[in-house]
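To start, the structure itself, in structure tokens.
The values are calculated or read from the model by the stated rules, or taken from the named source; none is laboratory data. Quantities reported herein were computed from a predicted structural model and do not represent experimental measurements. All Cβ positions, glycine included, derive from the backbone under ideal geometry; neighbour counts span all protein chains shown. Note: areas computed on protein heavy atoms with side chains; ligands, DNA, RNA excluded. Shrake-Rupley method; radii C 1.70, N 1.55, O 1.52, S 1.80 Å.
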Amino acid sequence: RRWRPNVAHLGRAVSCMWSADDHAAVHAAMHRVHSNTSLLPPACAVRQSRWAAKLRTSLASTPVAAVRSSLSLCSATDVFGALAAFPHARTHTLVSREPLLGKEPWSSIDNQTLWGCFRMACAGGFMLGHKVREFASRWGALPLLLAALRAAGLTVLRVSRWSPGGLDGMQIECAGRRQRVRYVQAELYSRPNLSALFGAADLAPERPAGALIKGAEATFRGGDVEARGSQGSLSRALLAATDVLLQDTMTGVRWPLVRAWACNMVPLGTLVLPSIETNVTDDAVSQRQIRTLWRSSRWRSLRGQRFGYCASAAFIREENDGVPAALLRPNDVPTRGEEGEEERGEPMHCGVLLAWRRTSSSGGVDQKHACAAPSRFNPGQRSTIAQTARSALALALESS
């Protein structure tokens, strides 16, 4: 049977704009939409479930199981990654620059346009940025997030406005383990927005907190020289506010910053280094360090699963100034690219870095002793941790 999403229900259920006067109507509409509408093809939910199960196997016995709050930056409404990577987190916060609501009624949503945003994200890949921006400019990011939650098997209970530091955002409470999914619209190269988001006391309501970076385009590296300062400030603020970092090697935080922050790391999959314009390393020493890490006994296979950006076999054979663009472990299993013009179903290779820091009894970071996986925090430590994060953010802004 052909998939026929019922977008008409979506348009009839939600026609109001977001304002303080219609919260109750929005709550009821969100519940009706989520309960009665299948927005993504069933195959997406099946592939997502299988990918999540295999990813958790690759990450077994690591600190990701201890994470209670997650933060995903600049991956649009791709909540799939956060739900899979941090299965025990009760709060997932997504931050991207796409607006919550657009200017056009939801009844005009084109099925294939919505599905086009998710086509490469249902099995560990990434949302197509240009399609997400085009969609959100017309209908907003909210329909995309609802579609993702539906495909992930979550049921919406209520929706409310959540405005950290005055930023525009919302919070969705879901059934089951009473998970909360938040979305915040923010351009994080803006200093006021950066301060507002990371200065919010409830950004990570429970600790340990995990950061997920998957298919984040040029958010943390790349672009022109002027962007380096903003990228550094954002990276330092993120590391100050979190305890566990899981990122793809092509779009994540630069290696020198991670190396200085983490007390332990686990490499997974193929070490795929970005092109020379967006290099993951800043010097020859860093180059040797990251390659040594990938050759170590800590390495794990991704078991043929995708995670964010990947590289084709042709790419990893390339060299930048005589240095190979990737380090392929012979016992790893490549993933299969998506069908279509971009990847044509060819073998693809992905690299993932898991890093974490040890937290001391005072809520700070202890890098002098043997690293231990963060387990849990005393509730009384939250104010100290928040103060430490704010101090680190202030230093990051001053140094940029």
Does the stretch 71-197 come out rounded, prolate or oblate by the C-alpha gyration tensor, with a ≥ b ≥ c the root eigenvalues, rounded set by a/c under 1.5 and, if not, prolate when a/b is larger than b/c and oblate if not?
rounded
I'd like the FRET efficiency for residue 103 and residue 297, computed as 1/(1 + (r/R0)^6) with the beta carbon distance as r and R0 of 41 Å, rounded to 0.05.
0.15
Which order do 74, 117 take when ranked by solvent-accessible area (1.4 Å probe, heavy atoms of all protein chains), largest first?
74, 117
Residue-normalised accessible area of the stretch 181-261, given per residue in Å² at a 1.4 Å probe
28
Cβ-based net charge around residue 309, under 13 Å, with every Lys or Arg adding one and every Asp or Glu removing one
-3
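Starting with the highest mean, order 128-140, 291-303, 79-91 by the number of other Cβ atoms within 10 Å, averaged over the residues of each peptide.
Packing proxy ranking, top to bottom: 79-91, 128-140, 291-303.
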What is the Rg over Rh value, at two decimals, for the stretch 62-132, using alpha-carbon atoms and the Kirkwood definition of Rh?
1.03
